[in-house]
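Reading through the C-alpha cells given below for one structure.
The values are calculated or read from the model by the stated rules, or taken from the named source; none is laboratory data. Keep in mind it's a predicted model, so treat the numbers as computed, not measured. Quick reminder, even Gly has a Cβ in these numbers, built from the backbone with ideal geometry, and neighbours come from all protein chains shown.
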Amino acid sequence: MINIKKILVSSAIAVSAFAFGQGTFASTNYPQSYDSQNSNISKESAEKLLSAKELVDIKLNSMMNDPVLRNANWGFVVYDPKTKKIISSYNENASLIPASTTKLLTTETAMNLLGENFRWITQLEYSGEIEDGVLKGNLYIVGSGDPSLGTNKAGASSYSQIISEFISAAREKGIKKINGDIIIQTGVFKLNKSQSLPENIVWLENGNYYLPVGTTHEINPQNEKLIAKKSNPFSENKNYYYISPYIGQMVYADKFDGGYLTTKLPDAPAYLANSLRAAMLKSGLSVAGKVVTKSTDPNPEKREVITSYQSPTLAEIIMYTNQHSDNALAEATLRMVGFQKLGDQTLEAGRMVVNNHLKSVGFETDGLNYFDGSGLSRANVVTPISQVKFLANLMNEKYYKTFQETLPIGGQTGTLKRMFNTTGNGQIFAKTGTLNKVKTLAGYMKTNSGKTLVFSLLINNYGGSVDQVKSKMEQILEPTLNL
C-alpha cells in the first residue's frame, strides 16, 4: 500500500520543485518560454531526487483524485517475481471485474493440462465395404471438439478446405458413390443447456444482450439479422447478439423464446457434414442417405479411417485467443478442458477443472469468482494481488515462454497495438479487458533496467471515455518502467 507521507517527508524539496513545475504556485511575469524551461528543469530535478518507487507512488496518489478515476473502483499491483514482494500497490485485495483478463486463467489452464503441442483431430471414416466404387456402408465424421474447426483462426483450415481434402481422400480410396448416410459422431458432446437467461449473458450499452457462447436455443435462422457494419451496431432496442451457427457471423434476434443457452461446438461438425454432402453431390459423388447425428452408439460399426484433419497446436490457438481476445475460442477451450479432464463437455465441468487447477498451483481464491472462460460475464471477479501472484508462479513453468508470447505487446501487436506507442513500446506484455465502464490490463513488463515485473491494473466504473481511461492506465504504468 502507498505510504505517501514518508515520501513527502523525505523528499519535501523535490516535491516542492515538482509542484512548482506543475503550476501549483501563482504564475510569474517571466516570459512563457522561460516558464516552460524552468518547469522542465524543476520536474527533472524532482525526478532525480526521488526514487523510481517514490515516483510510482506519487503517480498513484495523484490518480486517486483524477476525474476519470476518483469515483471508480480500481486496484493496482506491481510485483517482483524474484523477491516475491509487492513493489507498489493500491486496493490490491479488492474483488474487481476482470473482463477479458479472465482469459489468462482459461488459456493457462488449457496449456498446463493439455500441453502446448496438443492438437484436436477430426477424422473421416467409413463402415462397410467398397465394391466397384460404391461404398456399401456409411461415412463417419468423428470430431474431438476442435474449437477452431472451419474458422480460419490461428491458421486453421476453412470448411471448404477441409471438405476438399475429405473428398479427395474419399476418391483416392476408390469411393465414387455412397449408399449409406453421413454420420456425425459427437460422443464428446453433451446437451449443454444449463444456464437460463439472463444468468450467463452480459449487459451492453443501450440495454442489449450479448450471448457469449455460440448459438441460442430455438431461434429460427430465418429471423436472424446481420449486424450492420457501422461504428456502433447496437440499436436502442433490446436485441440478442450471438454467433450464428448457420452463417458463422455475428447476428441478432429481436426476441428470445427459448429458455437456455447452448454452445456453438455441436453445430460445427453438423455444418461440416452438411457442407460435405452438398459438395459431394455437386462434384458428382452421390450420397444416397442423409446426415445423421449420433451422440451415443451402443452398437458401433467396424470402421476404417480414410483421412484426418488436425487443428493448429493449442499454443497457436491460445495465441489467437489472447491476441484478439477471442471470446468464442476461450469459451470453447473452457469446455474442452472440462471434457479432457472429467469427460464432461459442459460449462460446469470446465469451471470445476479451472478452479481445481488454480487451487493446485496456489492461486489465492479469496475474492475469486470464475464464472465463464472469456470474461464477458460481470459475475467474474478477481483481486489484483491474486492475478500477479498467479502470473509470477507461471514464470516457473516450462511453457512460460510460449505462454508469454501469446500476450499482446504494447505498441506492437494484438489488442495492445494502439497503446504504449511511445513510452513502454515493446516493454508491456499483457492481456487486455474491456466491458462497459470496465477496463483492465494484467501481465508482464520489461523495465528499463532489464528486470521482468508482474502487474495488474483493474478499473471498474471509471468516468469519461474509453480513450481517457486508457490514457490514465498508460500514465500509471509509465513510471513503473524505471523500477
Which listed residue is over 15 Å from residue 112 (Cβ atoms) and at pLDDT 95 or above, from 432, 402, 423, 406 = 432
Could you tell me whether residue 469 is touching a residue at least 12 places away in the same chain (Cβ under 8 Å), over 27 Å from residue 85 (Cβ atoms), β-branched (Val, Ile, Thr) and assigned by TED's automatic domain parsing to the domain that holds residue 57?
-> yes
Picked from region 81-106 (must be charged (D, E, K, R) and under 25 Å from the mean Cα position of the chain (by Cα)), the residue surrounded by the most Cβ atoms within 10 Å (Cβ to Cβ) is 103
Would you tally the residues in region 328-347 being part of a loop (DSSP other than H, G, I, E, B) and without any contact (Cβ under 8 Å) to a residue 12 or more places away in the chain?
-> 1
Residue list for region 361-388, filter: in contact with a Pro (Cβ under 8 Å, 6 or more places away or on another chain) and not in a helix (DSSP H, G or I) = 372, 374, 375, 376, 377, 380, 381, 382
Which of the residues belonging to region 84-125 are closer than 29 Å to residue 473 by Cα and either without any contact (Cβ under 8 Å) to a residue 60 or more places away in the chain or in a strand (DSSP E or B) (or both)?
-> 85, 86, 87, 88, 89, 90, 96
Test for residue 317: is it at negative phi, in contact with a Pro (Cβ under 8 Å, 6 or more places away or on another chain) and of a type outside the set (Gly, Ala, Ser) = yes
Complete set of residues in region 389-447 that are surrounded by fewer than 22 Cβ atoms within 10 Å (Cβ to Cβ), of a type in the set (A, V, I, L, M) and in a helix (DSSP H, G or I) = 392, 394
Residue within region 311-327 that is in a helix (DSSP H, G or I), touching a Phe, Trp or Tyr at 6+ places or on another chain (Cβ under 6 Å) and either at pLDDT 90 or above or not assigned by TED's automatic domain parsing to the domain that holds residue 90 (or both) present | yes
